[in-house]
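The structure appears below as structure tokens.
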Amino acid sequence: MSRNTGHDFGGRSVGAGSLSIWVHHLKDFELLPEYTQGNYTGPAVRYGAGIEAWEMYNFMAANGITLVAPGGSTVGGAGGWLSSGGHSSITSTFGLGADQALSIEVVTADGRVVTADPETNTDLFWALRGGGGATYGIITSVIMKAYASINITTSSLTLGTPSPISDIDTFWQAVSLYYRFCADILDAGGYGFSYIYPEADNSYRFTTSSQFPGKTPSEVRDFMQPLYNELDRIGVNMANPTPTTRVFGSPRGAGRDQPVNTRYRSRLLPRENWEDDELFNRTMAAIREATEGGYENDFYFHGTLTSPTEEVAGWPGRDNAVIPAWRNNRMHAMLMDLQPVGITAAEARDRDAMMQTYMQLLRDVSPGAGSYMNEGDPGEPNWQEAFYGDHYTRLLEIKRARDPWGLFWAPTTVGSEGWEVQPVDGYPNSQNGRLCRVTPLS
């Protein structure tokens with residue numbers, strides 16, 4: 001398996017006994033002021049697979065440009081983030097990370113260094129942009145679209161019980177008002193980043209930031225005012241704050257992340273759930289029931305709201321392997337499962353079964369949607385459909401053609417069902433054990 005930072009919630013950058021190819025030191029970065037590829041002519045950048053997000057932001061600041069980049073400082077910009085989709089706070093304006101790639105240099109399973117772009121190795125070019133990392137080859141560098149420098153303006157909101165809201169039902173009504181209003185935010189090219197925390201004494205806290213690329217603070221404050229009018233209508237008297245603004249490509253220091261025991265489980269909730277009143281109410285009831293389960297079971301809710309439609313993705317992004325559910329997305333809904341330190345294998349199995357019941361609430365209100373594999377559950381049921389949608393058959397054909405030996409393997413990647421880890425520790429989804437083939441190579 002290959003990795004840059006190892007920043008992976010699905011366990012695709014680990015594997016006991018595997019050969020790990022580390023691309024972390026491929027740090028070249030080059031500005032291409034005028035680049036032409038097919039239908040695209042404009043600024044671009046070329047960078048190595050070892051580049052991290054904090055380095056991307058520093059390069060933006062030094063060159064007065066904008067790149068679609070990960071939010072987390074230590075996330076790599078050319079590995080699993082890009083290969084699996086790659087969302088960002090400017091995704092509703094410019095598209096996903098996978099939508100930005102114009103050309104990709106990759107080492108294939110037979111040891112060749114090839115270029116994949118809209119005219120050359122088109123199968124690889126399609127698969128590498130959204131079809132999952134650690135699967136078809138090892139990315140060594142990418143050429144990505146670049147844009148003019150842009151400001152991003154943020155309006156924040158915090159709600160809680162018992163203060164400032166004493167009634168639990170009113171709290172959830174206020175949360176619903178914000179999430180419904182987010183449809184307008186996303187259609188304006190914005191982004192929502194929210195958490196709902198169950199806290200002591202059966203209380204709850206909701207925090208969110210609404211981010212708008214290219215808008216001024218006064219424009220954002222005016223835009224947000226209808227939400228505050230609605231909150232006031234239900235008795236939640238909150239002042240519409242003065243938004244803050246900054247250059248999106250502002251410099252950052254090097255990240256210092258460390259391993260955590262948080263397990264992501266997620267669902268991409270479609271725009272239809274926002275357009276139908278009854279379905280929206282069912283969706284919010286599912287979110288509420290799932291979140292309230294976290295009070296006794298130590299998990300919380302995380303919702304990021306973004307709409308990387310095909311129109312926003314542009315060329316060549318609109319034709320790639322990104323799961324179709326992203327193109328119809330309103331909310332990337334996540335249950336953040338805090339795995340207790342020292343949990344036994346039996347306890348882990350019981351906890352997984354419990355978490356699956358809460359996740360099923362979100363699946364039931366979004367049949368046929370999907371899950372974002374970079375922030376999804378390595379134990380996701382029917383993961384082929386959930387992570388890849390109807391692209392899976394085509395991706396599997398490319399995998400078998402490009403890597404007939406099964407050289408590249410990681411859990412929940414395309415073709416990984418042909419192998420199985422025989423765990424020695426009994427933990428669900430463990431990689432501590434031998435990797436054995438369970439189906440023929442062809």
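For a quick check of your reading of the model, give me the residue pairs whose first member lies in segment 305-323 and is closer than 21 Å to residue 192 by Cα and assigned by TED's automatic domain parsing to the domain that holds residue 179, whose second is among the charged types (D, E, K, R) and part of a helix (DSSP H, G or I), with beta-carbon atoms closer than 6 Å and at least 6 apart or on different chains.
From residues that are closer than 21 Å to residue 192 by Cα and assigned by TED's automatic domain parsing to the domain that holds residue 179, the pairs are 309/327; 310/327; 313/99.
Among the residues of segment 246-268, which ones are at pLDDT 95 or above, surrounded by 16 or more Cβ atoms within 10 Å (Cβ to Cβ) and not basic (Lys, Arg)?
Scanning segment 246-268 gives 248, 249, 266, 268.
Any idea which of (1) modelled with pLDDT of 95 or more; (2) in contact with a helix residue (DSSP H, G or I) (Cβ under 8 Å, 6 or more places away or on another chain) is the one residue 382 doesn't satisfy?
(2)
Can you tell me which of 357, 304, 344 is among the hydroxyl-bearing types (Ser, Thr, Tyr), crowded, with 18+ Cβ neighbours inside 10 Å and either in contact with an Asp or Glu (Cβ under 7 Å, 6 or more places away or on another chain) or under 29 Å from residue 430 (Cβ atoms) (or both)?
From the options 357, 304, 344, the qualifying one is 304.
Can you spot a residue in segment 162-174 that is in the same structural domain as residue 300 (by TED's automatic domain parsing), at pLDDT below 95, under 24 Å from residue 281 (Cβ atoms) and buried (at least 17 other Cβ atoms within 10 Å of the Cβ)?
Taking every residue of segment 162-174 in turn, at least one turns out to be in the same structural domain as residue 300 (by TED's automatic domain parsing), at pLDDT below 95, under 24 Å from residue 281 (Cβ atoms) and buried (at least 17 other Cβ atoms within 10 Å of the Cβ).
Only residues in segment 7-21 that are not assigned by TED's automatic domain parsing to the domain that holds residue 53 count as the first member; pair them with residues that are at pLDDT below 80 and part of a loop (DSSP other than H, G, I, E, B), Cβ under 6 angstrom, at least 6 apart or cross-chain, and list the lot.
As it stands, the answer is none, since no pair meets every condition given.
Residues that are in contact (Cβ under 8 Å) with a residue 12 or more places away in the chain and closer than 25 Å to residue 371 by Cα: list the helices (runs of 4 or more DSSP H) wholly contained in segment 216-303 that include at least 3 such residues.
272-275, 277-297
Show the residue pairs meeting these rules: Cβ distance below 9 Å; 6+ apart or different chains; first residue within segment 48-64 and small (Gly, Ala, Ser); second residue in a helix (DSSP H, G or I).
53/81
Filtering segment 81-96 down to residues that are within 21 Å of residue 410 (Cβ to Cβ) and out of contact with any strand residue (DSSP E or B) (no Cβ under 8 Å at 6 or more places or on another chain), which residue is surrounded by the most Cβ atoms within 10 Å (Cβ to Cβ)?
Within segment 81-96, the match that is surrounded by the most Cβ atoms within 10 Å (Cβ to Cβ) is 84.
If the requirement is being surrounded by fewer than 22 Cβ atoms within 10 Å (Cβ to Cβ), touching a residue at least 40 places away in the same chain (Cβ under 8 Å) and not small (Gly, Ala, Ser), which of these qualifies: 377, 390?
Going through 377, 390 in turn, the sole match is 390.
The values are calculated or read from the model by the stated rules, or taken from the named source; none is laboratory data. Since this is a predicted model, take the numbers as computed values, not measurements. Because the Cβ atoms are built from the backbone with ideal geometry, glycine has one as well, and the counts that use them run over all protein chains shown.
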